[in-house]
Amino acid sequence: MVSHKVAVIEFEVLDRKVSAVERMRQMYETLAAREFKVNNEDLQAFLDDYGAMLYRLGIEARGNQEKKLALAYFAKATLFEWDQIARAYIELVTLLWNNPKQAIKYGKLALVKNDGLSTEESTELLSLMVRAHKSAGLYDQARVFFNKWKERQE
């Protein structure tokens, strides 16, 4: 877990984000090969940090208009369970807007994992689901999400 701590320091303090994520990726692959036979608490802390790093790099890439790179980071952040995975799913919904079926798929996954979202984020997710379902021509389902969204507004 020393490499984990080094990666966090690289990411947070030394501003070597790509290097830190690469270190975490190597550790993830090593742990996956061992089928995650480590203390569950340590493992979850590692996965939470790795997911957060990928998510933050995705946000940076999206802010720099590098949508393909952002998509790659967010998709990678959804390959394992971590505490804020719903946020990565929401970002995928917005990036895959031109593919309503994919947007709906990730939106539904975000709804399942929404315990890490704030009330505002959950409400915004419902709004995105309304728009995605309308875009896909699924008006009855869009109405269901609209009603849920409207309940949250009251």
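Please treat every number below as a calculation from the coordinates, not as lab data. Because the structure is a prediction, the values reported are computed rather than measured.
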Output wanted: per-residue J couplings in Hz (rounded whole) for the range 62-78, from phi through Karplus 6.51 cos²θ - 1.76 cosθ + 1.60, θ = phi - 60°, x for Gly and Pro.
5, x, 8, 6, 9, 5, 5, 5, 4, 4, 5, 5, 5, 4, 5, 6, 9
Taking Cα atoms only, helix 100-112 is inclined relative to the longest principal axis of the chain by an angle, in degrees rounded to 10, of 70 degrees
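Calculated from DSSP H runs of 4 or more alone, at -39500 (n - 2.57) each and per residue, what is the 222 nm mean residue ellipticity of the chain, nearest 500?
Working: 8 runs with 119 residues, N = 154.
Theoretical 222 nm ellipticity from helices: -25000 deg cm²/dmol.
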Taking 0.36 nm per residue of separation between LEU79 and GLU154 and subtracting their Cα-Cα distance, the length gained on full extension comes to 23.5 nm
Sorted from largest down, give the three principal axis spans of the alpha carbons of the range 73-120, whole angstrom values.
27, 24, 14
What are the radius of gyration and Dmax of the range 1-81, computed over its Cα atoms and given in Å?
12.6, 39
Among all lysine pairs in the range 84-154 that are eight or more places apart or on different chains, how many have alpha carbons less than 19 angstrom apart?
11
Spherically averaged projected area of the range 34-107 from its Cα convex hull (nm²)
5.2 nm²
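What number, in nm² with one decimal, is the all-direction average of the projected area of the convex hull of the alpha-carbon atoms of the range 84-154?
Details: hull surface 16.1 nm².
Mean orientational projected area (the range 84-154, Cα hull): 4.0 nm².
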Once the cut-off is 25 Å, how many percent of the Cα-Cα pairs in the chain end up in the long-distance tail?
36 percent
